[in-house]
Amino acid sequence: MLRGAAPGERRGGRQKGTPNKLSIGRVKAAIATATPEFDSLDQLRLIAKHFLDQATAEGKKKKANMRSLNDCLDRAARVLRDIVPYEHPKLSAVKLGGDPNAPLNLSSLSDAELAYFRRIMVKIGATDGPG
């Protein structure tokens, strides 16, 4: 003999908390109407692109105004100069130093390797030792 679900027992349908079409539509509408966050780096890129587009348009004219063209390129260069440190960080110098408690052991090198090592050290300006 078959019976229906016992009191409190769930057998089918949507799980509790699963959004329906209406809920999904509301979320999508809220995302579409939300204003995106202001990103100053993206704005600088847009400004630089605007100046470069103006310069390109001026350059395509038969009688291009060189002063206007150079002005647009100068403005684009100034904006791009501000962007560069964020996109391409400067390289920093690295000083190579050894451990004073564990000096290099060069005894396993051949005479030719030692001569090459000496030439390299002279080239980079290293000294033979203190003083």
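None of the figures in this text is laboratory data; all of them are computed from the coordinates on show. Remember, predicted model here, so these are calculated numbers, not experimental data. Quick reminder, even Gly has a Cβ in these numbers, built from the backbone with ideal geometry, and neighbours come from all protein chains shown.
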Quick check: the angle from helix 40-60's long axis to the longest principal axis of the chain, C-alpha only, nearest 10 degrees? 80 degrees
Take the chain, compute every pairwise Cα distance, and split them into 10 Å bins from 0; I just need the percent in each bin. 8, 15, 11, 11, 13, 15, 12, 9, 4, 2, 0
Between helix 111-123 and the chain, what is the angle of the helix's C-alpha long axis to the longest principal axis, kept within 0 to 90° and rounded to the nearest 10? 80 degrees
Out of Val94, Leu104, Ala55 - ranked by how far each Cα lies towards the positive end of the dipole of the chain, with unit charges on the beta-carbon of charged residues - the top one is Ala55
Give the order of Lys49, Lys123 when sorted by the count of other beta carbons within 10 angstrom, beginning with the fewest. Lys123, Lys49
Take the Cα atoms of the range 40-87, find their three principal axes, and give me the spread along each one in whole Å, biggest first. 37, 14, 12
Using mean Cβ contacts within 10 Å as the protection proxy, how do 58-68, 77-87, 12-22 order, highest first? 77-87, 58-68, 12-22
Place a +1 charge on the Cβ of each Lys and Arg in the chain and a -1 charge on the Cβ of each Asp and Glu, then give the dipole magnitude about the Cα centre in debye, rounded to the nearest 20. 1240 debye
To one decimal place, what Kirkwood hydrodynamic radius in Å is obtained for the range 73-122 from all pairs of distinct Cα atoms? 15.6 Å
Rounding to the nearest 20 debye, state how big the charge dipole of the range 40-87 is about its Cα centre with +1 on each Lys and Arg Cβ and -1 on each Asp and Glu Cβ. 360 debye
Relative contact order (percent, whole number), the chain, Cα cutoff 8 Å, 6+ residue spacing: 16 percent
